[in-house]
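*Asks:* Please see the structure below; I have some questions.
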Amino acid sequence: MLARVATYEFGDRAEGRRVLAAVRDGARELVEGIAGWRGVVHLAEREGGRATVIHFLDDEHSLAAAEALFAALPRRLEGGAASALRELNAARESVTVVDVLAGELDRLVSPPGAGAG
């Protein structure tokens, strides 16, 4: 299993949460349709505007499909999600891919009030 780890720096925490939620909601069905996509975790610093998004994928083929989708998202999203995606891309600091050595992804849950995702 692989993890695609992207970090973002926003002006403040509220801005980061707003942008991530809009992109997540607009792209959810597309991302969940990637063969070998296993889930995503959105993390935000308690103070400041840094956020991390980790996508879990089965293998290199799944990763390639995810990267192709992420590259195509600007043409596939509409309205507020498209605008938020532009903000997200401008805030991106880094993207790395790491091997998942161990974990219990099935035990992860959404925080209260966060919805699925």
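The values are calculated or read from the model by the stated rules, or taken from the named source; none is laboratory data. As the structure is a computational prediction, the values presented were derived from the model and not from experiment. Counting neighbours? That spans all protein chains shown, and the Cβs are built from the backbone with ideal geometry, glycine included.
*Asks:* Which members of the stretch 14-48 meet the condition of being charged (D, E, K, R) and surrounded by fewer than 16 Cβ atoms within 10 Å (Cβ to Cβ)?
*Replies:* Listed by number, the residues that qualify are E15, R18, D25, R28, E29, E32, E45, R46, E47.
Residue-wise test of (1) at pLDDT 90 or above; (2) over 21 Å from T7 (Cβ atoms); (3) over 16 Å from the mean Cα position of the chain (by Cα).
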position	(1), (2), (3)
V31	yes, no, no
G36	yes, yes, no
V41	yes, no, no
I54	yes, no, no
A66	yes, no, no
P74	no, no, no
D99	yes, no, yes
L105	no, no, no
A114	no, no, no
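*Asks:* Within the stretch 39-59, track down each residue that is among the small types (G, A, S) and under 24 Å from G11 (Cβ atoms).
*Replies:* Answer for the stretch 39-59, where residues must be among the small types (G, A, S) and under 24 Å from G11 (Cβ atoms): A44, G48, G49, A51.
*Asks:* Please go through the stretch 1-16 and pick out each residue that is among the basic types (K, R) and either at pLDDT 90 or above or outside any helix (DSSP H, G or I) (or both).
*Replies:* R4
*Asks:* Residue under question is A35, and the condition is that it be part of a helix (DSSP H, G or I) and not polar (S, T, N, Q); does it hold?
*Replies:* no
*Asks:* So which of V40, V23 ends up being in contact (Cβ under 8 Å) with a residue 40 or more places away in the chain and part of a strand (DSSP E or B)?
*Replies:* V40
*Asks:* Only one residue in A51, A71 is loosely packed, with under 12 Cβ neighbours inside 10 Å and outside any loop (DSSP other than H, G, I, E, B). Which one?
*Replies:* Exactly one residue qualifies, and that residue is A71.
*Asks:* Another one. Going by the conditions given, is V5 touching a residue at least 40 places away in the same chain (Cβ under 8 Å), surrounded by 15 or more Cβ atoms within 10 Å (Cβ to Cβ) and not basic (K, R)?
*Replies:* yes
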